[in-house]
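The structure under discussion appears below in the form of structure tokens.
The values are calculated or read from the model by the stated rules, or taken from the named source; none is laboratory data. Since we're looking at a predicted model, the values are computed, not measured. For the accessible areas, the whole protein counts, side chains as well, though only heavy atoms, and no ligand, DNA or RNA atoms are used. Shrake-Rupley method; radii C 1.70, N 1.55, O 1.52, S 1.80 Å.
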Amino acid sequence: MDNMEEEAVQLHGDEEIIEVIDLNETDQTPDDLAGEFEDVDFGEAGGGEEENEGWETEDEDMEAAQDDSELTFSKHMGSVFCVNLDPATNSLAVTGGEDDKAYVWRVSDGEMIFECTGHKDSVTCALFSHDSKLVATGDMSGLIKVWKVETKEEVWSFEVGDLEWMEWHPFAPVLLAGTADGNVWMWKIPGGDCKTFQGPGCQATCGKILPDGKRTMVGYEDGTVRLWDLKQGSTIHVIKGQCQDGHQGALTCMACNKDGSLVLTGSVDSQAKLINTAIGKVVGVYSEDGRGKGSKEDEAESNSVESVGFCNVLPLIAVAYLDGTLAIYDLSTQNLRHRCQHEAGIVQLQWEDGSSMVSTCSLDGAVRLWDARSGNMVSEYRGHTAEILDFILNRSASLAVTASGDHQAKVFCLQRPDR
């Protein structure tokens, strides 16, 4: 890693966009691409900081008028911050919480399969690998552990600085994590070979590995967005924050379309930006309130963008705002198609893979299903007595698994008239 600074592409003068570095145009299979990581030169890496900062959520003691859930997982003794489903079968869930614990449990009956022990702070990240063979858990202090699902045994652990986000590679046993010091770490699991991508000296607030498995987009606290080459360890593009095309505040979320040609970013500046990954330029700006590029940051922070996503079947995107607005935009014209209002701030959205339906979870403890074509709410599901902090749909979008500040995770069966 000693030559990392020399490998990174540098900005010159007032330039905002780094020139395109040609990528390998040869068609490759996922196995070929996964094999490339055998040749990546992972350098030695040291441990990180051990600062512990608590994460408290307000429990408003909401009384659920009804409980629409099929099942409740109640092992956690504090707020449940994160939930994920195993991608291979969607039969297992992993949840992490304020009680410094993570659990792997069966979605069909709520039976706990095993507990991921040994964390020393709130578990805020918990994810299955692409093949569901491994599960990674990370706490706020930066302690990351990986477990083999079949044997229920810990196979690897590492400690970095305060953890911001974590993501598995789409088809290789490679784990990425972003930290508060701005670095992004990449490890081969379980060997632990390591590589780091040095940021601009501020928090690496969110990240997304693109579908080709060769590149990752990272957003930073200063509004900067960087596209990294995972094999070379170098920057492909940089869009600087606080500039005309860049975000004016910290990045909060990002998503990419199916082929990775477009990335959608959200920020506390109340805007979502569409980035062409081939040329590294902003090609669209979406602002729910119409203030556009001239909006002031102090006004916009109260309506932060919390979640973004692409529709796979129509040229639509969805942007979820802290004020409870779900905005459906036309991808090409950037026009606002529908404004879907919630009773409280939206935490996350997720499109169904094969339809124009989009689901949301929010701070009022409800899951809602919306038809993006009409902007109408199709159904609503309640049962939590506090805010929902995370959720995920299964592959067929027939189930939603939620994590809440009421110390519970729940499984909801999603009903639609056309099912």
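Could you pull the accessible area for Met112 with a 1.4 Å probe, rounded to 10 Å²?
70
What number in nm² do you get for region 293-411 if you take the convex hull of its Cα atoms and divide its surface by four?
7.5
Over all directions, how big on average is the projection of the convex hull of the alpha-carbon atoms in region 365-412, in square nanometres?
3.4
Please list Thr325, Thr205 in order of solvent-accessible area, largest first, computed with a 1.4 Å probe with all protein chains present.
The most accessible residue leads, giving Thr205, Thr325.
Work out the P(r) tail for region 218-292: percent of alpha carbon pairs separated by more than 19 Å, whole number.
28
Please calculate the 1.4 Å probe accessible area of Ser234, with all protein chains present, and give it to the nearest 10 Å².
20
Looking at region 197-256 from every direction and averaging, what is the projected area of its Cα convex hull in nm²?
3.8
Could you tell me the accessible area of Cys116 in Å² (1.4 Å probe, neighbours in place), rounded to the nearest ten?
0
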